[in-house]
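The values are calculated or read from the model by the stated rules, or taken from the named source; none is laboratory data. Since this is a predicted model, take the numbers as computed values, not measurements. A quick note on method: Cβ atoms are made from the backbone with ideal geometry, for glycine too, and the neighbour counts reach across all protein chains shown.
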Amino acid sequence: MDNLLLKKIQKTLTTLVEGKYSGKENLKGIIYGAQLFITGLSNENNLTYVAGRLSAISCEPVTIENPIRIASNTKTYVAAAILRLYEEHQIDLDKSIKNYISTESDQQLKSGNYDSTKITVRQLLAHTSGLFDYADSAAFQQQIIEQPNKVW
């Protein structure tokens, strides 16, 4: 891949974080990864770029080793995977999630006063299950700021 293009990608990410999104509390850094599938070429064509800092408090730069909260970016992929499993008759959208989750996950739900037998896969996909969105809570946001390297 052209070295000039690689430098342009990195510069664009840095400009976004340091310029347009500078001071935005919900954006600290960006990790961008790309896999180039070019016949006959090696894995040297895996590209990763980073820009930004770990938290609002820290000046420590983001690295490719830092865990990053991906949140809503995965919704489409998870939904597509679940719907493929539905097509293959491996998941029933109207069955309780208790049929599909681990005992540990079921216990976590119970500790939050949720009944996994009353929540369906369809409700999770449609965001109508009634589960609290902890990621938007002030307490969770504070934990992210205080412990940016913690794997949740």
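Listed by position, the helices (runs of 4 or more DSSP H) enclosed by segment 76-152 that each have at least 1 residues that are acidic (D, E) and surrounded by 10 or more Cβ atoms within 10 Å (Cβ to Cβ) are 103-111, 138-146.
Kindly establish whether L93 is modelled with pLDDT of 95 or more and either of a type outside the set (G, A, S) or touching a His at 6+ places or on another chain (Cβ under 8 Å) (or both).
Values: modelled with pLDDT of 95 or more: yes; either of a type outside the set (G, A, S) or touching a His at 6+ places or on another chain (Cβ under 8 Å) (or both): yes.
It is true that L93 is modelled with pLDDT of 95 or more and either of a type outside the set (G, A, S) or touching a His at 6+ places or on another chain (Cβ under 8 Å) (or both).
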